[in-house]
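Input: a single structure, listed below in structure tokens.
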Amino acid sequence: MSLADLLSLYSIIAIWGIMFINIFLSIGGIIYMLKVNRTDGKIPLKEYPMVSIMVPAHNESIVIRRTVLALLNFDYPEDKYEIIVINDNSTDNSAEVLKKIQENYPSRKLIVINTDHQVGGKGKSNALNIALSVAKGSVIAIYDADNTPAPDALRILVENLMSDEKLGAVIGKFRTRNRNASLLTRFVNIETLAYQCMNQAGRYYFFKLCTIPGTNFVIRRSIINQMGGWDTKALAEDTEISFRIYRMGYYIKFMPLAVTWEQEPQKLMQWFKQRTRWAKGNIYVLIKNFKYVFDENAGPMRLDAFYYALVYVLMLTSLICSDIIFVLGILGFCHVTLGGFSSLLWGMAILLFLLNVLLTLSVEKNEFNFESALLILLMLFTYSKMWVFVVLNALVQSIQDKIYHKEVVWDKTERFEEVDKKKKKKKFMG
Amino acid sequence: MMSSLWKKGVFATICVIFLLFSYDIAQAKEESLPAGDILIIYSDGAKNDDMKSIRSIVEYFTYQRFQVTYAPASKCLNQIEKFNFIVCYKVERYPKELVDKLKDREEKGNLILREREGIKNSTGQNDIRLLFVGNELLRYYLNETGRKDTYMDSMKQTGKLQYNFSDFDLKEALVKEENFLFLTENLDYQVGSLEVGGEKGYFCAKVESLYHIPLTDMNNHLIKAAFIKEAAKWKWPYNGEPTTYAQYIVLDKVYPFQDAQKLLEIITYLIEKKEPFVISVMPIFQHGNYPAMQRFCEVLRYAQANGGTIIMHSPTNQMPDFDKEIVNEYITTAIRIYMEQGVYPMGFEVPKNWMFNKDTIEIMSRFRTVLVSQEEDALIQSEDVTTNLVYKDGHQWIAPVIELDDSGVSYLTTNSFAVCFDITEDMEKIKDKIQACISSFVPLKSLWDINHSFWTDEDIMEYKNQIIFINKKRVEKDFNATNYDENFKYNRNTLQRYSKDLSRINKRLVIAVAIVSSLFLTFIFTARHRNKQTFFIKKEKGKKKGGKP
């Protein structure tokens, strides 16, 4: 058996193994989604808790107005929530934009904390810790600066959180606001629905296991206090906090009816930078928490740590191997002589990938169509391949950070001005 | 002054020592030329192509069990008188003294011939014979010995050669040479015809002790075959024709993974025709007990019990630095595997250049019967030697046939020849070739009729008086059918097992993918149906939920 055979065998087993895990999660996910979609997601409370909505922002003047207005528009008792925007060492006119909103809504609890480079500018976790120091709510809600949540999102999240004492946090679903902006955002939209939404639903359905996505979620203040705030070293503070919640004996619920819309990167370089940051964060979390895979007291998070290990070690290496063998095979440098190794395997894998993603899109409005099917196939051979480079880049950067002891800083995703279709139409008509 | 004289003295001494040393080496080299039955003299600084032809001649003399000495003209100048059979092959550059030396030998040869003229039952064992192959040297030699008018020249470069191998087998071919020369006076013997520009000459002719063959191109099959036939007669020291050797039907390079059914079909055909045959099997180094190998060996045992003889081909050499110990280990393993299955190889097949390398000669020395194939081992270098080293091992040779037509059969009886068959060829073609062998004037022979022996690192085989002895114990070559193990355990390692099972898993995977796909499609239809319902119900109620702001 040659090295090419050995690596092919490894790739086949790893890829098919991970694919069947995803199929399993998708089946759980669709059952949960169908079940939830039959309700409105609301569990009315006698008394609503005080909620502090925290919005970390760094040079977000392009999108922050829209976000804050959406937050002010929540279908939630006005006196029961406050909005804390941490304008973290911004060099743009975010402060002015926010001040204007404060002036326009004098009766609302909108707190703006402007930090300078001494206190701020040290990443999202640091900004959230600053906001926490002034927050009054017993429930903390987090929204990114580019989000426009649906009016009922906060109510659904809070009502679900208060319905079970063992719940540490409730997360909602996020959608791509600018999905038609470019081919890249279309891919991101499909990826978000398939691998972040359906995957979360499946894990929650089978194991009551979720990972906080960084935005559109509520968490008990007591838990944050107990864990001493956010880990400022973590780049993926959301994943990091999820692991800590499970270790404390709470669980996280996924509620897909609480929807927020966010702006995704429209250009490849921005996307690459953002995903590298995410991957670096996840690698940090994996290294920090992998020990819990073998800890019987770690509860369901053992599965999550194991899943991360599968994705970042098994999936990554198997994809690298199979891609190298594929390229070398085309160039005629190597030849796989493995018994049973055939194109049928790849054909079936592609079919399952297509159906799996289509299944995810089928529960959404205006997503399930022929165009999406073509996009999925195109995505498989282009967008999905870039994931390998993202993770490799993240690995290299993580090693460099470790060697040169680099501090965590804002690695902000560049925002884009979005044109409102209705306004555009009016302009044209006028 | 003294210093300068001292330097000159030292320099002169070094020169003298160097000259003496060089002379000693030259002398030593000349003296080291081994004595043999035949001396082949070739041009000083002969080209590679000429050396190939010389090695080809040496190869065929070896098959006829002659010890051959071959060297460039200047090197064997002082050795000529030691040899009775001298071949001057295409000698174009040579020292002038060569003519005198050859003349001495010719005159002595002629004297011996005259002395035994009229003597009955003279064997001619002490005859001295000179064979000139090519024309340059002979022309100069005849001129220098005052025989200018005993030959005819032709400056034409092409001719038509006709030669009879038997009463019914006249073969002809176009031939090329720089120029031609034919002896014309007092010919004692001439054979074949060579037509050059309207002039008719011979392929081989003789005047007393002097023989001449005007053609030198040993790549031409007809020239080579005719040369071998004439040379065999020429060096036959007794009266009458040389001994007649047979040809062997050889199913060549049969691999254990080839179609055993096809092999059985050919064997059955040969058995029905009652013709002896040889199967040259490729060596196998592991998995000798696998069912496929058992099936293959069952066919071989059947052949072995019905007139077929098995020989083993040498392992395919892939070592740039040849290691004879490793090859011997491989051969030992392979032979052991076959013998454990009741198959007893009687000989060994090797590429033809294995005859000219010390390491491969050493490997071959373990086998009495050696079949030489037409192929060459590209990783083996021929030794720069002056004798056929392999002669000392006294092998029973089977030479590759020199094909003169499409039938592929032998037209020579000078030594044993192998007519090789590729078993992957069309059955009808194979049958035609077998028929040609049967019809040939060269008899077919069984390897079971002669004795064989070999030894490996672990075993000794001896076949004599129709009995096979392995490590001095008698073994039988009777055919016994194999009892196949239905549940044979391959004992593959984990990875090999996974690889093997992958084909089976593929089928299961197809079923799993079909089930998952059906499940996914069902979910997709359900989700779409629910979506439509929810949409219409909500539209009716005029509600908005989670809509895009």
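Overview of results
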quantity: Tensor-based shape of chain A (alpha-carbon gyration tensor, a/c under 1.5 rounded, otherwise prolate or oblate); calculated: prolate
quantity: Cα-only Debye scattering, segment A:103-219: base-10 log of I(q)/I(0) at q = 0.14, 0.23 Å⁻¹; calculated: -0.78, -1.38
quantity: For residues of A:12-24, the mean tally of beta carbons on other chains within 10 Å; calculated: 2
quantity: Qualifying aspartates and glutamates (Cα of each under 19 Å from Cα of residue A:99; at least 8 residues distant if same chain); calculated: A:60, A:82, A:88, A:116, A:144, A:146
quantity: Rounded FRET efficiency, nearest 0.05, which uses the C-beta distance separating residue B:431 from residue B:292 and R0 of 22 Å; calculated: 0.25
quantity: Assigned charges on the beta-carbon of Lys, Arg, Asp, Glu; segment A:43-287 dipole about Cα centre (debye); calculated: 540 debye
quantity: Computed FRET value (nearest 0.05) for residue A:291 with residue A:388, which takes r as the C-beta separation and R₀ as 25 Å; calculated: 0.40
quantity: Inter-probe distance in nm under a simple model that places probes 7 Å from Cα toward Cβ, at residue B:168 and residue B:51; calculated: 4.5 nm
quantity: Cα-based reach from residue A:35 at 16 Å (exclusive), listing aspartates and glutamates while leaving out same-chain residues under 8 positions away; calculated: A:364
quantity: Rg and Dmax [Cα atoms of chain B; Å; Rg one decimal, Dmax integer]; calculated: 34.4, 137
quantity: Estimated D of segment B:247-475 in µm² per second, where Rh is the Kirkwood radius over Cα pairs and Stokes-Einstein applies at 37 °C, 0.692 mPa s; calculated: 183 µm²/s
quantity: Cβ-Cβ FRET estimate between residue B:262 and residue B:191, R0 fixed at 41 Å, reported to 0.05; calculated: 0.40
quantity: Beta bridge orientation in the protein assembly as shown: antiparallel %, DSSP, nearest 5; calculated: 40 percent
quantity: Degrees, to the nearest 10: A:383-404 long Cα axis against longest axis of chain A; calculated: 70 degrees
quantity: Peptide-level mean, for B:510-517, of C-beta atoms on other protein chains within 10 Å; calculated: 5
quantity: Residues with amide H under 5 Å from that of residue A:178, placed H, sequence gap 5 or more; calculated: A:264
quantity: Within a Gaussian network of chain A (alpha carbon springs, distance under 10 Å), most fluctuating of A:74, A:306, A:20; calculated: A:20
quantity: Mean-position separation - Cα centroids, segment B:200-228 and segment A:239-286, in angstrom; calculated: 92 Å
quantity: Those residues of segment A:151-170 whose amide nitrogen sits under 16 Å from the label point placed on residue A:226, 7 Å along Cα→Cβ; calculated: A:161-170
quantity: Whole-number D in µm²/s for segment A:201-325 (Stokes-Einstein; Kirkwood sum over Cα pairs; 25 °C, 0.890 mPa s); calculated: 153 µm²/s
quantity: Trypsin sites (Lys or Arg not before Pro) restricted to DSSP loop in segment A:149-251 with at most 16 other C-beta within 10 Å; calculated: A:166, A:208, A:233
quantity: Stokes-Einstein D for the protein assembly as shown, Kirkwood Rh over Cα pairs, 37 °C, 0.692 mPa s (µm²/s); calculated: 88 µm²/s
quantity: Radius, Kirkwood style, for segment A:43-287 when every pair of distinct Cα atoms is counted (Å); calculated: 18.1 Å
quantity: Peptide A:356-362 - average C-beta neighbours from other chains (10 Å radius); calculated: 4
quantity: Listed residue (A:143, B:410, A:4) projecting farthest to the positive dipole end of the protein assembly as shown, Cβ model; calculated: A:143
quantity: Chymotrypsin sites (Phe, Trp or Tyr not before Pro) restricted to DSSP loop in segment B:115-206 with at most 14 other C-beta within 10 Å; calculated: B:168
quantity: Over 20 Å (Cα to Cα) - which of A:173/A:365; B:47/B:206; B:103/B:229; B:253/B:433; B:229/B:431; B:206/B:235 fall in this group; calculated: B:47/B:206; B:103/B:229; B:229/B:431
quantity: Assigned charges on the beta-carbon of Lys, Arg, Asp, Glu; chain A dipole about Cα centre (debye); calculated: 640 debye
quantity: Charge dipole of the protein assembly as shown about the Cα centre (unit charges at C-beta), most positive-ward option of B:276, A:204, B:310; calculated: A:204
quantity: Those trypsin sites (Lys or Arg not before Pro) in segment A:27-81 that DSSP places in a loop and that have at most 16 other beta carbons within 10 Å; calculated: A:38, A:42, A:46
quantity: Size of charge dipole - segment B:247-475 - debye, nearest 20, with Cβ of Lys, Arg +1 and Asp, Glu -1, no other charges; calculated: 1020 debye
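Every number in this text was worked out from the coordinates using simple rules, so none of it is lab data. None of these values were measured; they are calculated from a predicted model. Cβ atoms come from the backbone with ideal geometry, glycine included; neighbour counts cover every protein chain shown.
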